[in-house]
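Throughout, read-outs are computed from the coordinates displayed, never taken from laboratory work. Quick caveat: nothing in here was measured; it's all calculated off a predicted structure. Cβ coordinates were reconstructed from backbone atoms using ideal geometry, including for glycine residues, and neighbour counts include every protein chain displayed.
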Number of protein chains: 2
Amino acid sequence: MEKIKVGMLGIGNIGRGTYQALYMNQKKIADTTGLDIEIVKILNRHPEKDRGIDIPKEKYTKDVDDILNDPEISIVVELIGGIEPATTYMARALENGKSVVTANKAAIAANGKMLAELAQKHHVLLRFEAAVAGGIPILTSLTTALLSNEFSSVHGILNGTTNYILTQMEENGKNYADVLREAQAKGFAEADPTADVEGIDAANKLSILISLIFGLGVGPKQIPTQGITQIGSEDIAFARDFGYRIKLLASAREENGEVAASVEPSLIPESHPLANVRNEFNAVFITGNAVDNLMFYGRGAGPLPTGSAVMGDVIGVARKWEKDSAYDIVPQLRYDADLRFIGEGSNKYYVRMTAEDIPGVMGKITTILGAHGISIETAIQRPAKNSGSEDGVSRAPLVPLIFIFANVDKTIVSDALDDLVENKCVRSVETVMRVAD
Amino acid sequence: MEKIKVGMLGIGNIGRGTYQALYMNQKKIADTTGLDIEIVKILNRHPEKDRGIDIPKEKYTKDVDDILNDPEISIVVELIGGIEPATTYMARALENGKSVVTANKAAIAANGKMLAELAQKHHVLLRFEAAVAGGIPILTSLTTALLSNEFSSVHGILNGTTNYILTQMEENGKNYADVLREAQAKGFAEADPTADVEGIDAANKLSILISLIFGLGVGPKQIPTQGITQIGSEDIAFARDFGYRIKLLASAREENGEVAASVEPSLIPESHPLANVRNEFNAVFITGNAVDNLMFYGRGAGPLPTGSAVMGDVIGVARKWEKDSAYDIVPQLRYDADLRFIGEGSNKYYVRMTAEDIPGVMGKITTILGAHGISIETAIQRPAKNSGSEDGVSRAPLVPLIFIFANVDKTIVSDALDDLVENKCVRSVETVMRVAD
């Protein structure tokens, strides 16, 4: 049986999960693939630290060159995270003729093109299934079983933290701040939750999916991105009244040579499979011209699910390696399509605003919206809840107004909403969310 | 660019879908894989028949040997369906050194072991992604990205016809017979729906999944199988009251070296992702020791989705072929696990019966159930709806009784229910369904 020697950079949560996913299933892997895979060296800057896992001390090294320059190691698994020094290490591994497997979405979204080109140049492989949606085998499926499809769209719930928060807000009527605190206490959210709750993590993953699905290079910073911090319990209740659930949706779609993409809280019809993806689970919904609608659902994070994806890539690379066919003709990342990126594109939008409850206010608002070319599909005015005198000055009570706009560009929506506030038709705009079909 | 010549047996619905899936995406396939795939010959017994697709007449042959003996053809795609002559044709193709791709669940469930051994012997490949859940890439994922997992269970909605019928019964309050007629008119159900509604089709697919996931040979006829014909609107309503939806579930699970499996209508908690799989869609839910819960959702039938899966296999085989590494070390089918098949195993069960509404009837029933060792989790007696005098003889009115039994073997349930009817405690047993966790 061929021995495949793997070097691993990093032994944090995902490193431990990868180590476990290998060693608890080593017999099955050997039985079904004929491969004897060993993680022989692990970069660990703090070998004295207890990692809560039984790893022979002699596998640890503090020197990355011990791994990158070891001629016996054929696969380097990068699990440090962050753009640097991870990118530099991966580049050096590829240049040294080693295949690279990584779970690093930020590094692949930022430097995937350079790394993919290096891999091709050195006839080795670069794999990153774990970088998008954790344990869900979406990248493998797109580049194997689904190759006989052109895809028109992808919609993903790609961040477990925000989906957990939104599910808890919806199902238990809690508000955003309380659920976030709870999620932090449970370890589902980081102390600094910015990358999750502002949609940055999801935008990195969407950028990778866009290059795979459409063959287009769109950096995460080019993708219009909005987080979930502005969503109120009122929005969740209104969405429910309209037959929708709210999810942080990462979407991209192609039409007539143009690709539109965004990450933003979106209303999803409650009968749609994505609407029922609850708590920390992730899902990716794609539509191909042969396979039609397809959804993958599973754990998008966590040591073992992510480790499962990392080891799936390691086995895939090792199987090609053993066959002396390491150079893969299928590029996972493509940037050569004849398509144009148009930002967010046009969508339906849900808007909640607060206005003073004075006669004719609705008419004034709809006139201004109409002047901006916005068609209103639904308009709801709820009875006032407060007296409007919270600052002691007597005035008309405040009422929430909810609109759903027909398909329109987001920039037009923003201009029109600014106009409403400037003209004092509206006290404030509380929430703007996309409405998905 | 390497030219891959494919011969196709059969040009029915799936044949047409496969042809279309290739030719509408031929440029993308070539661009991303470097493969120029052509379907060069098609077995068509009735070339005069209009197939509703533009295929050059010279590709047709009435003689299967034209394909099986053509040295230029490296891949044979079998889309005739049925066990014979499909099995014989596939065996001959493998013996002639051609890889085989098929969508034929019945032939693979019946003769997969023999065909897999032939493929290994002749160093060619046998692939059948399309045989289970149509366009959903479950077999590819299990044999690639998910290799670093031992799976403890699989639960599938593997038949679109029955799922369509159950969804329509549930959402529109229609009865079984009416929905079946509707489905037949729409082409979702065959004129003879037996294989679908009795669970035979799902059992074939489950048999294939069991060999892949557990490495155990369990023929479809060994799998305890029950169809959906006995389900009444009352059951759907009661299930809903309890917080469940009814699906025809194909399940297998391993515990302590024993594998239990069944195909039967089952109550699924409404928050479970499988509960929200509607109409003709299929889904496969699996649990692995690293990846945890994972669900694949998509179209389990239809020409193009099935054609997508067939072409995915053809491309996969062609990529290996081109690399001169056609013999695949990963057997998709395994029959060598040290596990024991125990039939249905023990489950919770939902039982609806009809009894005469006389004092003490519930006590008599629960005593007999208790004597059989059945623990009752829930028992509900609804008010009588009729007078019990439909045959003119005056007697106590009939009432529906609904029970959920705690985990118990199905044989014990059957014995106990027979006992109840023999002892005239119960007029009739209407429905028995499994309750899934």
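A few notes on this one:
- Given charges at Cβ of Lys, Arg, Asp, Glu: the stretch B:346-435 dipole, positive-most of B:Leu369, B:Ile358, B:Asn347: B:Asn347
- Stokes-Einstein D in µm²/s, Kirkwood radius over Cα pairs - the protein assembly as shown at 37 °C with 0.692 mPa s viscosity: 112 µm²/s
- Neighbour-count order for A:Val291, B:Val310, fewest beta carbons within 10 angstrom listed first: A:Val291, B:Val310
- Projecting the Cα positions of B:Val399, B:Gln381, B:Ala109 onto the charge dipole of chain B (unit charges on Cβ atoms of Lys, Arg, Asp and Glu, taken about the Cα centre) puts B:Ala109 furthest along the positive direction.
- When only the Cβ of Lys, Arg, Asp and Glu is charged (+1, +1, -1, -1), the dipole of the stretch B:346-435 relative to its Cα centre reaches about 260 debye.
- Remark: spin-label model distance A:Ile53-B:Gln120 equals 3.2 nm, labels positioned 7 Å along the Cα→Cβ axis.
- Sorted shortest first, the distances from the A:Pro359 label point to those of the same residue in the other copies are 7.1 nm; each point sits 7 Å from Cα along Cα-to-Cβ.
- For the stretch A:13-116, the tally of Lys pairs with Cα-Cα distances below 21 Å comes to 14, considering only residues 8 or more apart or on different chains.
- The coefficient of translational diffusion for the stretch A:346-435, derived via Stokes-Einstein from the alpha carbon Kirkwood radius under 10 °C and 1.306 mPa s, stands at 120 µm²/s.
- Chain A - share of DSSP beta bridges that are antiparallel (%, nearest 5): 70 percent
- Over every Cα atom in the stretch B:141-298, the radius of gyration and the widest Cα-Cα span, Dmax, amount to 15.7, 47 Å.
- For chain B, with +1 on Lys and Arg beta carbons and -1 on Asp and Glu, the positive-most of B:Gly219, B:Met295, B:Leu333 along the dipole: B:Met295
- For A:Arg427, the residues whose amide H sits under 5 Å from its own are A:Thr354, A:Ala355, A:Glu356, ignoring neighbours fewer than 5 places away on the same chain, with H placed 1.01 Å from N.
- Vicinal HN-Hα couplings computed from phi for the stretch A:344-353 (Karplus, 6.51 cos²θ - 1.76 cosθ + 1.60; Hz; Gly/Pro x): 6, x, 9, 8, 6, 10, 9, 10, 10, 10
- Counting only DSSP beta bridges whose two residues both lie in the stretch B:141-298, roughly 95 percent are antiparallel.
- Förster-model FRET efficiency, 60 Å R0, A:Asp357 and A:Arg181, C-beta, rounded to 0.05: 0.95
- Highest-fluctuation residue, B:Gly156, B:Gly363, B:Gly298 considered, GNM on chain B with Cα pairs under 10 Å: B:Gly363
- Which of A:Lys174, B:Lys27, B:Lys348 has the fewest Cβ neighbours within 10 Å, and the rest in rising order: B:Lys27, A:Lys174, B:Lys348
- Exposure proxy order (Cβ contacts within 10 Å, fewest to most) of B:Arg240, B:Arg299: B:Arg240, B:Arg299
- Whole-angstrom gap from the stretch A:1-39 to the stretch A:216-251, using each part's C-alpha centre: 38 Å
- Here's how it looks for B:Phe281: its modeled amide H is under 5 Å from none belonging to a residue 5 or more places away or on a different chain.
- Placing a label point 7 Å from the Cα of B:Arg240 along the Cα-to-Cβ direction, the distances to the matching points in the other copies come to 1.9 nm, shortest first.
- Mean separation of Cα pairs under 8 Å and 6 or more residues apart, divided by the residue count, gives chain B a relative contact order of 17 percent.
- Nearest-ten-degree value, helix A:303-322 long axis tilted from longest Cα axis of chain A: 50 degrees
- Angle in degrees between helix A:86-95 and the longest Cα principal axis of chain A, rounded to the nearest 10: 40 degrees
- In Å, descending, principal axis extents of the Cα set of chain B: 82, 48, 34
- Derived scalar couplings ³J(HN,Hα) [the stretch A:248-254; Karplus, 6.51 cos²θ - 1.76 cosθ + 1.60; whole Hz; x for Gly, Pro]: 7, 9, 9, 10, 8, 8, 10
- B:Lys27-A:Ser346 FRET efficiency (beta carbon distance; Förster radius 22 Å; 0.05 resolution): 0.15
- Nearest 10 degrees, 0 to 90: helix B:160-172 Cα axis against chain B principal axis: 40 degrees
- Share antiparallel - DSSP beta bridges, the protein assembly as shown, percent rounded to 5: 70 percent
- Residue among A:Leu339, A:Leu294, A:Leu209 with the largest mean-square fluctuation in a Gaussian network model of chain A, springs linking Cα atoms under 10 Å: A:Leu294
- Residue-wise HN-Hα coupling along the stretch A:264-271, computed from phi with Karplus coefficients 6.51, -1.76, 1.60 (Hz; x: Gly, Pro): 6, x, 9, 8, 10, x, 5, 8
- Under-5 Å amide H pairs with B:Thr225, H placed in peptide plane, nonlocal only: B:Val263
- Value at 222 nm in deg cm²/dmol, rounded to 500, when DSSP H runs of n ≥ 4 in chain A each add -39,500 (n - 2.57): -10500 deg cm²/dmol
- Considering only B:Ser152, B:Ser262, B:Ser414, the mean-square fluctuation computed in a Gaussian network model of chain B, springs between alpha carbons under 10 angstrom, is largest for B:Ser414.
- Nearest-to-axis residue of chain B, judged by beta-carbon position, where the axis maps B onto A, in Å: B:Asn276, 2
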